[in-house]
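Participant: There's a structure below that I have some questions on.
The values are calculated or read from the model by the stated rules, or taken from the named source; none is laboratory data. Small disclaimer: the values here were computed from a predicted structure and weren't measured. Glycine gets a Cβ as well: all are built from the backbone with ideal geometry, and neighbour counts include every protein chain shown.
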Amino acid sequence: MSVDYTREISVIEGSPSFAAVNELIARPLDEKPDKKYYFALAITLSMLGIGAICLGATFWFGTGVWGLNNPVGWAFDIVNFVFWVGIGHAGTLISAILFLFRQRWRTGIARFAEGMTIFAVMTAGLFPLIHTGRPWLDGYLLPYPNQHHLWVNFTSPLLWDVFAVSTYFTVSFVFWYIGLMPDFASLRDRAKSRIKKIIYSIFSLGWRHSHRHWHHYEMIYLILAGFATPLVLSVHTIVSFDFAVSILPGWHTTIFPPYFVAGAVFSGFAMVQNVLIFIRKIFNMEHIITMDTLEKMNKIMLVTGSMVGYAYGMEFFIAWYGGNPIEFFVFLNRAFGDYAWSYWVMVSCNLLFPQLFWFKKIRTNIKAMFVIGVLVNVGMWFERFVIIVTTLSRDFLPSSWGFFTPTIFDLGILVGSFGLFFTLLLLFTKTLPVVSIAEVKAVLDHAQPKHHHGD
Amino acid sequence: MSSEEIKIHYTKKELPSGFSRLGFILLIIGLILVVLSFITDYNRATQNSVIIFTFLTSISIGSLFLVALEYIAGAVWSVPFRRISEIISFIIFLIPIFALPALLNLHGVFHWSHQEAVANDKLLQVKAPYLNETFFIIRNIAIFLIWWLFYKFLTGNSRKQDSTYDQKLTTTNIKLSAAFMPIFGISLTIIAIDWLMSLEPHWFSTIFGVYYFAGTILSALACLTLMVLYLNEKGLLVKGLTKDHYYSLGALMFAFINFWAYIAFSQFMLIWYANLPEETFWFITRWQGGWSYLSYGLIFIHFVIPYAILLPQPAKMDPLRLKIAAVIILLAHFYDLYWLSMPSFSKDVVLFSWYEIAFPILAVGLFITIFSIKSKKINLVPIGDPKMKRALEFKL
């Protein structure tokens, strides 16, 4: 098998016409949803319902219904928070960082990945709020001059999380919306029903595809990408600070910031890849979200997965090299203690299985990549579980050692978080264009200045 | 695909004679100074050899990493510059020479190599299975051998392509590069731990390998940028290199300036915040006496100044500002390595005199000499690379 390196790989296969691109991407918004859609929605809404019931019980009875106990004061709530924030990171990486690096293959997937970012951050944001136990007092998380002279603890990374996540959400949302504006205009221009026309007109903010509009658009898009890049890194860095600034063995280690960021991108890509496999099939977008794009995503998973593996190795090595017996005990306990099974789930799913992506055959096999993507997400969820629970369950005093077992409420809320995320995602596919119409047109073969006819 | 369709217009020219003369003069001056420094203060000269060893390792293996990165990422814009990185990475063959003084005088550099120190120190006893003379020497030799092999094959295939125009060589190199990446990551970490972290054998930091990696890639990029600008101005590269190519180099440097700062901050912040004496002593040494000025200086020379220079978009396309930034980065990397290692040898007094300059002069002289010798035989542009034509058409 030989590859011709003198030719560029087309971002969009088959060179469809501009009109065809419009039609294809806008079609799901015109058609009434079919049975399969309602069936999927029924499942995700049921999951959401389970979560809502469990959450209601938590509010009614208090966080005592969770499996938390004295040494293990953080468990599913924080695990889920870190997991969902991590999922969000891939979207920003694709839409902002790959944009700054001028990776044109991002075009077909950026919109969808960014949408996933927003939904994932929304889901993640719930957990710190409910974790406080009295969510009706969460307003005090925002520092403001008040009569009680109550101030937040500015030296705590938990507070920095509040600022980082809310800023990140805001910028991501604005970035997403700016990208949607030209598409709203395109939808407005082709809308037949009056109501739709009015709605799209409002959201397109008077966009007329004029040269001046595009000029401003390109500038603001670049600036927002520049903003979003340090923001996305700072979010998971601060999440890692939640653990690493403490002096607990297993939490306090300097590699945490880049390790968490790599892990976040890793799990986020797995989730985006999983969902896109369905989207490209259902919406006939196999020439827009191409196999080449999926392969590149798998390569990024291989890279970030190996970075995470490097961090596992480094942590273990330095735990021994540092010569602190307690630190080393914690790592041995992770690998061979009560929670050894979760440690090995983590290692195999995050480090071993993604290594299969070294082979092109597996990188380009839909079934194989889907399975590995699912495993990666399982592994990354367990990674946070291992970090949080194994460290906490072994207190400094052996008499205070404990064991965490999740209750039905813990599990219910986890299920509910998936329900929320996928419900929002399903609604998104039917209300907004899942691929950027304007950007895809710009990367078509025949839109390129160097395009020669007859190639 | 016939070779006709790959061929580009390139005529090989000689480097200006002043260039090689400058290299030769610096090489001689450096050599004399180095010999003098060994005669007058053997231990201090050995300690300086560690700094220059890690510096040249950064540039050479970092350059090979850039070569491999281009293959594995399928990058197009950087193809015209790849040969320059390949030539720089030839220094991999010479770095063992700079490791030799320390290997012959382990006691003068590494506290852990003293038997009596280990006997009275529980922590060093724990680390002894890793930090001992035999294993140290074995793993370092193994790393050099592996790096040599990758250099041989990667650059050999690339050079073969100049005459054969065989696309299969690109495929082979992509596979080699893929194999190189994990090996590079692990071996560079070992070098960082062995040669820099273990100078203070009680100290440890999990991010340290990443920290050295950041400096490595940054300095290799700066070195490449400097050479590209110089050679292109002299008309020794190909026609068709535009501001867009420069911009890419500048943007990549800018990204790695930020990456280094991020890693450096992460390491400092977490150790400062947790305030555990087993870790903080390393920073405290660097935050006392004269060293504190150097620590503040590091923030400026390694981050603030190059960041400010390269932040504006036009700066990334302006040869003059790119050159200034590249020179500052190279100085900063040396400064960084000095800051990492010297306080371990001299805790209270900042040592800086002609001893510290002897090796850098030798290194610059050697670099220029190697480059001019190598470029006599080798094309400065990989003319047989199938991506070359696309690279010259590259637009932002």
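Participant: Go through (1) exposed (fewer than 13 other Cβ atoms within 10 Å of the Cβ); (2) in contact with a helix residue (DSSP H, G or I) (Cβ under 6 Å, 6 or more places away or on another chain) for B:L131 and report which single condition fails.
Facilitator: Tallying (1) exposed (fewer than 13 other Cβ atoms within 10 Å of the Cβ); (2) in contact with a helix residue (DSSP H, G or I) (Cβ under 6 Å, 6 or more places away or on another chain), B:L131 fails exactly one: (1).
Yes/no per residue for (1) over 30 Å from B:D385 (Cβ atoms); (2) of a type outside the set (D, E); (3) at pLDDT below 90; (4) in contact with a Gly (Cβ under 9 Å, 6 or more places away or on another chain):
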{"site": "B:S49", "(1), (2), (3), (4)": "yes, yes, no, no"}
{"site": "B:F53", "(1), (2), (3), (4)": "yes, yes, no, no"}
{"site": "B:T57", "(1), (2), (3), (4)": "no, yes, no, no"}
{"site": "B:G74", "(1), (2), (3), (4)": "no, yes, yes, no"}
{"site": "B:S85", "(1), (2), (3), (4)": "no, yes, no, yes"}
{"site": "B:L100", "(1), (2), (3), (4)": "yes, yes, no, no"}
{"site": "B:P129", "(1), (2), (3), (4)": "yes, yes, no, no"}
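Participant: Just to be sure before I move on: is A:V303 of a type in the set (V, I, T) and either within 26 Å of A:F403 (Cβ to Cβ) or buried (at least 20 other Cβ atoms within 10 Å of the Cβ) (or both) in the structure I sent? Step through it out loud before you land on a result.
Facilitator: On the way: of a type in the set (V, I, T): yes; either within 26 Å of A:F403 (Cβ to Cβ) or buried (at least 20 other Cβ atoms within 10 Å of the Cβ) (or both): no.
When the stated conditions are applied, A:V303 does not pass them.
Participant: Also: Among A:T290, A:T229, which is the only one that is closer than 30 Å to A:T364 by Cβ, within 12 Å of chain B (Cβ to nearest Cβ) and surrounded by fewer than 22 Cβ atoms within 10 Å (Cβ to Cβ)?
Facilitator: After ruling out the rest, the residue left standing is A:T229.
Participant: Give me the residue from segment B:262-284 that is of a type outside the set (F, W, Y) and buried (at least 18 other Cβ atoms within 10 Å of the Cβ) and, out of that set, farthest from the other protein chains (Cβ to nearest Cβ).
Facilitator: Across segment B:262-284, the extreme among qualifying residues is B:A264.
Participant: For segment B:308-353, give me the residue count where each residue is in a helix (DSSP H, G or I) and either farther than 30 Å from B:I193 by Cα or not small (G, A, S) (or both).
Facilitator: Of the residues in that region, 30 qualify.
Listed here are the residues, each with its yes/no results for (1) within 30 Å of A:I282 (Cα to Cα); (2) of a type in the set (A, V, I, L, M); (3) touching a Phe, Trp or Tyr at 6+ places or on another chain (Cβ under 8 Å).
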position: A:P16; (1), (2), (3): yes, no, no
position: A:A19; (1), (2), (3): yes, yes, no
position: A:Y37; (1), (2), (3): yes, no, no
position: A:L48; (1), (2), (3): yes, yes, no
position: A:A52; (1), (2), (3): yes, yes, no
position: A:W66; (1), (2), (3): no, no, yes
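Participant: Residues that are away from chain B (no Cβ under 14 Å), hydroxyl-bearing (S, T, Y) and surrounded by fewer than 20 Cβ atoms within 10 Å (Cβ to Cβ): does segment A:384-391 have at least one?
Facilitator: Checked segment A:384-391: no residue is away from chain B (no Cβ under 14 Å), hydroxyl-bearing (S, T, Y) and surrounded by fewer than 20 Cβ atoms within 10 Å (Cβ to Cβ).
Participant: Further, regarding this structure: List, please: which pairs have Cβ atoms under 6 Å, are six or more places apart or on different chains, and start with a residue in segment B:328-349 that is charged (D, E, K, R) and end with one that is in a helix (DSSP H, G or I)?
Facilitator: Filtered contacts from segment B:328-349: B:D336/B:G215; B:D336/B:H302; B:K347/B:T285.
Participant: Within the group B:A251, B:A214, which residue is closer than 18 Å to A:I255 by Cα, in a helix (DSSP H, G or I), facing chain A (nearest Cβ under 10 Å) and touching a residue at least 24 places away in the same chain (Cβ under 8 Å)? Write out each step before concluding.
Facilitator: Details: B:A251 fails: closer than 18 Å to A:I255 by Cα.
Result of the check over B:A251, B:A214: B:A214.
Participant: Consider A:A191 against the criteria (1) at pLDDT below 90; (2) small (G, A, S); (3) within 30 Å of A:V261 (Cα to Cα): it satisfies all of them except one. Which criterion is unmet?
Facilitator: Unmet condition: (3).
Participant: Here's another thing I want to ask about it. Looking at (1) assigned to a loop (DSSP other than H, G, I, E, B); (2) within 13 Å of chain A (Cβ to nearest Cβ); (3) within 24 Å of B:K12 (Cα to Cα), which is the one condition that is false for B:T206?
Facilitator: Failed condition: (3).
Participant: Let me ask something else about it. Whether any residue in segment A:86-109 is touching a residue at least 60 places away in the same chain (Cβ under 8 Å), surrounded by 20 or more Cβ atoms within 10 Å (Cβ to Cβ), within 14 Å of chain B (Cβ to nearest Cβ) and not in a helix (DSSP H, G or I) is what I want to check.
Facilitator: no
Participant: Something else: Any chance segment A:124-145 includes a residue that's among the polar types (S, T, N, Q) and either outside any loop (DSSP other than H, G, I, E, B) or more than 27 Å from A:F422 (Cα to Cα) (or both)?
Facilitator: Taking segment A:124-145 first, the residues among the polar types (S, T, N, Q) are A:132.
If we keep only those that are either outside any loop (DSSP other than H, G, I, E, B) or more than 27 Å from A:F422 (Cα to Cα) (or both) too, we end up with none.
Checked against the condition, which is being among the polar types (S, T, N, Q) and either outside any loop (DSSP other than H, G, I, E, B) or more than 27 Å from A:F422 (Cα to Cα) (or both), segment A:124-145 yields no hits at all.
Participant: On to the next question. Would you confirm whether any residue within segment B:56-67 is in contact with a Lys or Arg (Cβ under 7 Å, 6 or more places away or on another chain) and within 14 Å of chain A (Cβ to nearest Cβ)? So that I can check it myself, show each step before the final result.
Facilitator: Just the residues of segment B:56-67 that are in contact with a Lys or Arg (Cβ under 7 Å, 6 or more places away or on another chain), to begin with: B:67.
Now drop any that are not within 14 Å of chain A (Cβ to nearest Cβ), which leaves none.
No, there is no match, as no residue in segment B:56-67 is in contact with a Lys or Arg (Cβ under 7 Å, 6 or more places away or on another chain) and within 14 Å of chain A (Cβ to nearest Cβ).
Participant: I would also like to ask the following. For segment B:322-359, how many residues meet the condition of being of a type in the set (D, E) and touching a Pro at 6+ places or on another chain (Cβ under 7 Å)?
Facilitator: At the first step, the residues of segment B:322-359 found to be of a type in the set (D, E) are B:336, B:348, B:356.
Still in the list and also touching a Pro at 6+ places or on another chain (Cβ under 7 Å): none.
Count: 0.
Participant: May I ask you to verify whether A:I247 is free of Cβ contacts under 8 Å to residues at least 12 places away in the same chain and either part of a loop (DSSP other than H, G, I, E, B) or within 21 Å of A:G125 (Cα to Cα) (or both)?
Facilitator: Numbers: free of Cβ contacts under 8 Å to residues at least 12 places away in the same chain: yes; either part of a loop (DSSP other than H, G, I, E, B) or within 21 Å of A:G125 (Cα to Cα) (or both): yes.
Judged against the criteria, A:I247 is a match.
Participant: Among the residues of segment A:135-142, is there at least one that is under 30 Å from A:G62 (Cβ atoms), in contact (Cβ under 8 Å) with a residue 40 or more places away in the chain, surrounded by fewer than 16 Cβ atoms within 10 Å (Cβ to Cβ) and not aliphatic (A, V, I, L, M)?
Facilitator: yes
Participant: For segment A:253-285, give me each residue that is more than 14 Å from A:M307 (Cβ to Cβ) and facing chain B (nearest Cβ under 10 Å).
Facilitator: Of everything in segment A:253-285, those that are more than 14 Å from A:M307 (Cβ to Cβ) and facing chain B (nearest Cβ under 10 Å) turn out to be A:T253, A:T254.
Participant: Report yes if B:F300 is more than 11 Å from every other protein chain (Cβ to nearest Cβ), over 23 Å from A:Q103 (Cα atoms), over 17 Å from the mean Cα position of the chain (by Cα) and at pLDDT 95 or above, otherwise no.
Facilitator: yes
Participant: Next question, about the same structure. Filter segment A:119-131 down to residues that are among the aliphatic types (A, V, I, L, M) and in contact (Cβ under 8 Å) with a residue 60 or more places away in the chain and give me whichever is nearest to B:W77 (Cα to Cα).
Facilitator: Only one residue fits best here, namely A:A120.
Participant: I've got another one for you. Here is a list: A:F359, A:F353. Which entry is within 13 Å of another protein chain (Cβ to nearest Cβ) and not polar (S, T, N, Q)?
Facilitator: It is A:F359.
Participant: Name the residue that is surrounded by the most Cβ atoms within 10 Å (Cβ to Cβ), counting only residues in segment B:146-179 that are under 22 Å from B:V76 (Cβ atoms), more than 13 Å from every other protein chain (Cβ to nearest Cβ) and hydrophobic (A, V, I, L, M, F, W, C).
Facilitator: By that ranking, first place goes to B:L154.
Participant: Filter segment B:71-99 for residues that are away from chain A (no Cβ under 14 Å), hydrophobic (A, V, I, L, M, F, W, C), part of a helix (DSSP H, G or I) and in contact (Cβ under 8 Å) with a residue 40 or more places away in the chain and give the result.
Facilitator: Passing the criteria: B:F81, B:I84, B:I87, B:I88, B:F90, B:I91, B:I92, B:F93, B:I95, B:F98, B:A99.
Participant: Against the conditions (1) assigned to a loop (DSSP other than H, G, I, E, B); (2) within 14 Å of chain A (Cβ to nearest Cβ), where does B:K389 fall short? Just the number, please.
Facilitator: Result: B:K389 passes all but (1).
Participant: In segment A:12-32, which residue that is at negative phi and in contact with a Leu (Cβ under 8 Å, 6 or more places away or on another chain) is surrounded by the most Cβ atoms within 10 Å (Cβ to Cβ)? First the steps, then the outcome.
Facilitator: Within segment A:12-32, the first condition is being at negative phi, and the residues that meet it are A:12-13, A:16-32.
Subsequent filtering for residues that are in contact with a Leu (Cβ under 8 Å, 6 or more places away or on another chain) retains A:12, A:16, A:18, A:21, A:26, A:29.
Values: A:I12: 25, A:P16: 19, A:F18: 13, A:V21: 19, A:A26: 17, A:L29: 17.
Checked segment A:12-32; the qualifying residue surrounded by the most Cβ atoms within 10 Å (Cβ to Cβ) is A:I12.
Participant: So, in segment B:372-386, of the ones that are part of a loop (DSSP other than H, G, I, E, B) and away from chain A (no Cβ under 14 Å), which residue ends up surrounded by the fewest Cβ atoms within 10 Å (Cβ to Cβ)?
Facilitator: Across segment B:372-386, the extreme among qualifying residues is B:N379.
Participant: Out of all the residues in segment B:87-124, which are surrounded by fewer than 17 Cβ atoms within 10 Å (Cβ to Cβ), in contact with a Leu (Cβ under 9 Å, 6 or more places away or on another chain) and closer than 22 Å to B:E279 by Cβ?
Facilitator: B:A117 - this is the single residue of segment B:87-124 that is surrounded by fewer than 17 Cβ atoms within 10 Å (Cβ to Cβ), in contact with a Leu (Cβ under 9 Å, 6 or more places away or on another chain) and closer than 22 Å to B:E279 by Cβ.
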